[in-house]
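Report on one structure; see the data block that follows.
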Amino acid sequence: MYFMQDGKYNFDATKLKEAHQWCKDQCEDYMRKEKPKITVSNTFTQEWEMKPYIDLANQYGYTIFTIIMENRHGNSSVHDVPEETMKKMKDRFEIKL
């Protein structure tokens with residue numbers, strides 16, 4: 001959502017750190033306000049990327065559910081993510097069972 005401007009997705013890799021901080025801050029703000037359900041839509045490919053959200057959930061008493069989205073039907077990226085970038089994300093994907 002950080003990169004949405006006037007209804008369009010305008011990704012800027014130089015602002016990625018700010019985007020991640022904004023997302024985490026938004027999540028914590030909702031937790032402080034005791035919102036009953038909070039959805040974090042992000043491209044976590046490594047367990048460590050989720051840790052700040054897991055820590056927040058533990059701190060505020062939330063239960064976590066993770067959903068892994070797969071592209072089994074070959075649709076293209078709604079954000080026009082290059083195929084090479086998608087492959088890199090797929091290659092570094094990590095899941096702990």
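Given labels modelled 7 Å from the Cα in the Cβ direction, how far is it in nm from Trp48 to Lys90?
Modelled inter-label distance: 2.5 nm.
Can you list the lysines whose alpha carbon sits under 21 Å from that of Lys15, skipping same-chain ones fewer than 8 residues off?
Lys24, Lys51, Lys88
For the Cα atoms of the chain, what angle does the longest principal axis make with the long axis of helix 16-32, in degrees from 0 to 90, nearest 10?
30
When all C-alpha to C-alpha distances in the chain are sorted into bins of 5 Å, what percent of pairs does each bin hold, rounded to whole numbers?
2, 10, 19, 22, 21, 16, 8, 2
Roughly how tilted is helix 83-92, in degrees to the nearest 10 and between 0 and 90, from the longest Cα axis of the chain?
50
Could you compute the net charge surrounding Ile68? Neighbours are other residues with a C-beta less than 15 Å from the C-beta of Ile68; K and R count +1, D and E count -1.
0
Let me have the relative contact order for the chain, percent, based on Cα pairs under 8 Å that are six or more residues apart.
The normalised contact order for the chain reaches 28 percent.
Values in this text are rule-based calculations from the coordinates and carry no lab data. Note that the structure is a prediction, hence the values are computed from the model and not measured. When we count neighbours, we look across all protein chains shown, and the Cβ atoms used for this are built from the backbone with ideal geometry, even at glycine.
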